[in-house]
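Okay, structure first, notes after.
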Amino acid sequence: MKYTIPEWLKKIFQETFGSDFEEVLLSLTRPPKRYYLRVNTFKINTKELIKRIQEEIKVKQDEIIEEAIYIEGYEENELTNHYRYVVAKLDAAESTAVGADLYRAGVLSIKNANKNDLVNIVTQDYAIASEGVLVIEPKDLNNIQRGLVVKNIKPKFKLPSIRSLKAFNEGLIYPQTYPSILTVKELEPKENETILDMCAAPGGKLSHIISLTKGKAKIIAVDKSNNKIRKIKETLQTLGLPLPILIKNDARNIGEIFGSEFADKILLDPSCSDLGLRPRITFNIPEKDPKIYGKYHKSLIRKAYEYLKKGGILVYSVCTVSKEETFDVFNYAVEELKMEPLEINYKIGDVKNNYIEIFNPLIHDTVGYVIFKLRKV
Ligand code: SAH
């Protein structure tokens, strides 16, 4: 498979990874070999969970993080081109590449296919994500607002089907990337602390914080819309976790409610340019301007600084690798806000400039991801 990589994207990766950058980018076209799940230790301990889940699927415990388990390997399917296409939005197509069905909201158009035909789900540049069966009449596409359009029968990558596991439906496990699990480990949330999650939906890291503090910390979780707050509730309810204080607002405005210097710990995990995500099936993606994101992240970190008690700790994470969203935000916090950089505990990625942990997809077999940690002095 040949991939065309746009110059703007190359430039971002070259700045962070140097001469290896093309290989790093190409590694994003495969899923990580390890598929990680986090054990919901609020309900079950890892040994017990492994014993129970072993009948359904083979898992291993991570060597370092007690509550992290993983399933090894994925299969890559040879896909046939049926020359009948359902063109999907990029994120919807990428989800089908790892097994999801395609729903109306993700469909852009249907080309050369009829109901019940075998079709390919493709991106706008015709990268093939999967094979499936078209379940609607093409002429009905414009009359329907929701519902299944293509039943996926062969995704590009066959990953373990977590949703069918008993343990998943009982809320005992939560799929999460390894760096995401590590992010909350770096935060080291403790019972009796006041902990703020400024960008909480859908609640993956939040649920980890609640589990680790056994529901005994004062946790405030913020996200911007009702829909996002609903997603958080769904996640926590599935996992059987107590709800924190949930605030629907721009996290930069919650000083109106809580004042300043109220938090012992803050997790800042903002929406970013997402360039570390994998597996990618095309690099023909909308151009992202890291400068705009970087500016946004600085506006958030400035507020995080205000909310933190003196001595309080901030963990920052993004699933991208642009310098503007990582080094520049770190430098801003250290130079302008005079925050004290803290050493990373779990040095699993490459730690640059002593404090900035970079997960390189090619080397660390993870998504591209960055974590750093600061104290308010
Ligand atoms: N921490 C989450 C993932 C966060 S994704 C998890 O582990 O599951 C980033 C989230 O930040 C999105 O839900 C987005 O709506 C939210 N967000 C972005 N800017 C925000 C802001 N200014 N205030 C509150 N939430 C924000």
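None of the figures in this text is laboratory data; all of them are computed from the coordinates on show. What you are looking at is a predicted structure, and each value in this text was computed from that prediction instead of being measured. Cβ coordinates were reconstructed from backbone atoms using ideal geometry, including for glycine residues, and neighbour counts include every protein chain displayed.
General observations
- Under a Gaussian network description of the chain, with springs only between Cα atoms under 10 Å, the residue in LYS11, LYS185, LYS205 that fluctuates furthest is LYS11.
- For the stretch 1-151: rounded, prolate or oblate by the Cα gyration tensor [a/c cutoff 1.5]: oblate
- Between the stretch 267-325 and the stretch 191-208, the C-alpha centres lie 17 angstrom from each other.
- Cβ-based net charge around LEU314, under 9 Å, with every Lys or Arg adding one and every Asp or Glu removing one: +4
- Residue-averaged 222 nm ellipticity for the chain, from DSSP H runs of 4+ at -39500 (n - 2.57), nearest 500: -8000 deg cm²/dmol
- In this rough spin-label picture, where each label sits 7 Å from Cα along the Cβ direction, the ARG30-LYS111 distance is 2.9 nm.
- Cα gyration tensor category, rounded, prolate or oblate, for the stretch 7-54 with a/c compared to 1.5: prolate
- Gaussian network model of the chain, springs between alpha carbon atoms under 10 Å - residue of GLU287, GLU55, GLU191 with greatest fluctuation: GLU55
- With contacts taken as Cα pairs under 8 Å and at least 6 residues apart, the stretch 292-377 reaches a relative contact order of 37 percent.
- Each Cα pair under 8 Å and six or more residues apart adds its separation to the average, and for the stretch 76-158 the resulting relative contact order is 38 percent.
- Förster radius 51 Å - calculated FRET efficiency between ASN81 and ASN192 (Cβ-Cβ, nearest 0.05): 0.30
- Mean-position separation - Cα centroids, the stretch 19-65 and the stretch 326-350, in angstrom: 27
- Projected label distance in nm at ILE245 and GLU170, using a 7 Å step from Cα toward the beta-carbon: 3.5
- With all pairs of separate Cα atoms included, the chain yields a Kirkwood hydrodynamic radius of 21.9 Å.
- Estimated FRET transfer efficiency (ILE57, GLU7; beta-carbon r; R0 45 Å; 0.05): 0.60
- For the stretch 360-366, 3J(HN,Hα) computed residue by residue from phi via the Karplus equation (6.51, -1.76, 1.60; θ = phi - 60°) reads 9, x, 6, 8, 9, 6, 10 Hz, glycine and proline entered as x.
- Between ILE220, ILE257, ILE195, the GNM of the chain built on Cα springs shorter than 10 angstrom shows ILE257 fluctuating the most.
- At R0 = 22 Å, FRET efficiency that the Cβ-Cβ distance of GLN124 and LYS295 yields, to 0.05: 0.15
- Rel. contact order, % - alpha carbon contacts under 8 angstrom, at least six apart, the stretch 177-375: 21
- Overall form of the stretch 177-375 per C-alpha gyration tensor (a/c, 1.5; a/b vs b/c): rounded
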